[in-house]
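Below: one structure, written as structure tokens.
The values are calculated or read from the model by the stated rules, or taken from the named source; none is laboratory data. Only a predicted model underlies this, so the values are computations on that prediction, with no experimental measurement involved. Please note: Cβ atoms are built from the backbone with ideal geometry, for glycine as well, and neighbour counts cover all protein chains shown. SASA here: full protein model, heavy atoms, side chains in, ligands and nucleic acids out. Shrake-Rupley method; radii C 1.70, N 1.55, O 1.52, S 1.80 Å.
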Amino acid sequence: MLDNLKKYQIILASNSPRRKELMSGLGVDYVVRTLPDVDESYPDTLVGAEIPEYIAREKADAYRTMMEPGELLITADTIVWMDGKVLGKPEGREGAIEMLRALSGKSHQVFTGVCLTTTEWQKSFTASSEVVFDVLSEDEILYYVDRYQPMDKAGAYGVQEWIGYIGVKSISGSFYNIMGLPIQKLYGELKKL
Ligand SMILES: Cc1cn([C@H]2C[C@H](O)[C@@H](COP(=O)(O)OP(=O)(O)OP(=O)(O)O)O2)c(=O)[nH]c1=O
């Protein structure tokens, strides 16, 4: 499948083990490059899904000067969005505990922005999922944070981990989008190239 991609050398520029796992599931040949440190700031005029799409483009631009013709760069960014605010990666153990207390018993959205870049063109898109958390006890929050150390995850949780098994009541939209890559939507975009 995706024979049309043979004309590209696909590069996933990401440090996220989840994104690597999902890209591998797509079954296309690609290489992973670590992402240089990117300033993930964004204009405060942006809201919701505009934010991770903007950051995915920023991640791509950090790479662009090093690109060769024929390369197809894939970058992505995932945020949790609740009550009009971004929940990115937590600041340490206390930050993770605070975030999970805030998510407990409520619903929120997860937006992932994806950017496809070559030396000639760039296009980006976003995917949105809705997650409803059950009420989490203090013990459950502390157990999860101390055992899973989710400081590398937006919203301080991994839907693919224990807290997703016991704490997520329902999901609408793509599960994989929550993990960090809306792989079905990405497949649809790659098919068009
Ligand atoms: C909400 C959620 C996020 N995540 C992860 C996906 C991303 O790795 C991370 C969001 O942080 P990002 O800044 O989007 O990505 P990253 O820093 O991990 O990787 P890179 O920028 O190098 O591509 O949170 C999960 O694994 N499960 C979840 O349920």
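Given the condition within 10 Å of the ligand (Cβ to nearest atom) and acidic (D, E), answer yes or no: does some residue in the range 88-98 qualify? Quick ask: steps written out before the conclusion?
Taking the range 88-98 first, the residues within 10 Å of the ligand (Cβ to nearest atom) are 88-89.
Next cut, acidic (D, E) only: none.
So far as the range 88-98 goes, no, none of its residues is within 10 Å of the ligand (Cβ to nearest atom) and acidic (D, E).
Being over 23 Å from the mean Cα position of the chain (by Cα) and among the aliphatic types (A, V, I, L, M) is the filter here; which residues of the range 129-146 pass it? Give the derivation first.
Keep residues of the range 129-146 that are over 23 Å from the mean Cα position of the chain (by Cα), which gives 135-140, 142-143.
Result: V135, L136, L142.
Just to be sure I understand, how many residues within the range 83-97 are touching a residue at least 24 places away in the same chain (Cβ under 8 Å), surrounded by fewer than 19 Cβ atoms within 10 Å (Cβ to Cβ) and assigned to a helix (DSSP H, G or I)?
Counting residues in the range 83-97 that are touching a residue at least 24 places away in the same chain (Cβ under 8 Å), surrounded by fewer than 19 Cβ atoms within 10 Å (Cβ to Cβ) and assigned to a helix (DSSP H, G or I) gives 4.
Residue-by-condition table, conditions (1) farther than 17 Å from I163 by Cβ; (2) open to solvent by 20 Å² or more (accessible area, probe 1.4 Å):
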residue	(1), (2)
K59	yes, no
A62	yes, yes
T75	yes, no
I79	yes, no
M99	no, yes
K106	no, yes
T117	yes, no
W121	yes, yes
V132	no, yes
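Out of the range 1-31, which residues are within 22 Å of I79 (Cβ to Cβ) and either open to solvent by 50 Å² or more (accessible area, probe 1.4 Å) or more than 10 Å from the ligand (Cβ to nearest atom) (or both)? Show your work before the answer.
Narrowing the range 1-31 to residues within 22 Å of I79 (Cβ to Cβ): 12-23.
Within the range 1-31, N15, P17, K20, E21, M23 meet the criteria.
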